[in-house]
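Q: Here it is, the structure in full.
Computed from the coordinates by the stated procedures, all read-outs in this text should not be read as laboratory data. Being a predicted model, the structure only gives us computed values, none of them experimental. Heads up, the Cβs are rebuilt from the backbone with ideal geometry, glycines too, and the neighbour counts pull from every protein chain shown.
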Amino acid sequence: MKTSSTDYLLFKRAFDLFFSLFVIVFVLSWLLPVLSLVIWIDSRGPVFFIQKRVGKNGKMFRCLKLRTMVINADADIKQAVEGDPRITRVGRFLRNSSLDELPQFINVFTGNMSVVGPRPHMLADDLRFAELIKGYDERSIMKPGITGMAQVKGFKGPAPDFTSVFHRYQWDAFYVRNAHMMLDVRIIFDTFTEMVKIIFTKEKPVQQPSAIPMVRVLKAEPKLGMVNN
């Protein structure tokens, strides 16, 4: 079943509801209090970081994350970079393991996100990327996801150059055009496998991206600042 299939989209939403409710009841109910306490002990401030991000068809929504940085005035305008001093000790582990994304299962349950889909960006980044890459808005045809095709293909964390940003778009576009339930299941399995490996081996995720053929003609390559998920 492809993206345009009504049956697939209905089944995807039903899966999102069931899976997110399961995680909220059986995982977040006990894990969030534990992580919240650890975050609060490590650095004072709110446990959650709530940021407006771009959702399906360009509609804005409030994306939930566990706070991984010290309180700072640049949190909504300056993306994190490798070795960013704003990231706390606990925050570094949460980011590497993707545990900071767990509250987004609440976003999935309320219908703003899906378990699988293109990762949502801040509005400023989304507008900038749309100017640089022809057809970039194609990503927003589907709901943004907690995990996605680009992430399991190695494009996770800071993107130091235009090429890495463009390749993320390529994988997102590939997913939007070829989405089906078995692909979603595979992405979830790959994400869970990597998360478990990082948590129990304390192995830092290494970006070893896979590329696919160009799917769009792009403008002249500009210099680009760091980009995060």
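Q: Could you list 40, 171 in order of exposure, starting from the residue whose Cβ has the fewest other Cβ atoms within 10 Å? Spell out each step's value before the answer.
A: Numbers: 40 14, 171 23.
Arranged by neighbour count, lowest to highest, 40, 171 become 40, 171.
Q: Further question: If the convex hull of the alpha-carbon atoms of segment 6-201 is projected onto planes in all directions, what is the mean projected area in square nanometres? Don't skip to the end; give the middle numbers.
A: Details: hull surface 43.2 nm².
Over every viewing direction, the Cα hull of segment 6-201 projects on average to 10.8 nm².
Q: Under a point-charge model restricted to the Cβ atoms of Lys and Arg (+1) and Asp and Glu (-1), what is the dipole moment magnitude of segment 88-210 relative to its Cα centre, in debye to the nearest 20? List each step's numbers first, then the result.
A: Values: 16 positive and 13 negative charges, 69 e Å.
Rounded to the nearest 20 debye, it is 340 debye.
Q: If you don't mind, another one. How do 100, 84 line up, fewest other C-beta atoms within 10 Å first?
A: Details: 100 23, 84 17.
In increasing order of surrounding Cβ atoms, one gets 84, 100.
Q: Please work out the Cα convex hull volume for segment 129-205 and give it in Å³ per residue. Provide the component values of the computation, followed by the final result.
A: Numbers: hull volume 6.7 nm³, N = 77.
Dividing the Cα hull volume of segment 129-205 by its residue count gives 88 Å³.
Q: Defining a contact as two alpha carbons under 8 Å apart and six or more residues distant in sequence, what relative contact order in percent does segment 15-144 show? Kindly include the intermediate steps, with their values, before the conclusion.
A: Numbers: 158 pairs, mean separation 39.4, N = 130.
Relative CO of segment 15-144 lands at 30 percent.
Q: Using the crude model of +1 on Lys and Arg Cβ and -1 on Asp and Glu Cβ, and no other charge, please compute the dipole size for segment 6-201 relative to its Cα centre, in debye to 20.
A: Values: 26 positive and 19 negative charges, 39 e Å.
Using Cβ point charges on Lys, Arg, Asp and Glu, segment 6-201 gives about 180 debye.
Q: Given the pairs 59/197; 12/78; 52/197; 134/197; 12/153, which are separated by over 27 angstrom at their Cα positions? Write out the running numbers ahead of the final one.
A: Working: 59/197 35 Å; 12/78 34 Å; 52/197 31 Å; 134/197 37 Å; 12/153 21 Å.
From 59/197; 12/78; 52/197; 134/197; 12/153, over 27 Å: 59/197; 12/78; 52/197; 134/197.
Q: Set Lys and Arg Cβ to +1 and Asp and Glu Cβ to -1, take the dipole of segment 6-201 about its Cα centre, and tell me which of 187, 176, 15 lies farthest positive.
A: 15
Q: Now for a different question. In what sequence do 142, 60, 195, 149 fall when counting other Cβ within 10 Å, fewest first? Can you show the working numbers first?
A: Details: 142 22, 60 13, 195 17, 149 28.
Fewest to most other Cβ atoms nearby, the residues stand as 60, 195, 142, 149.
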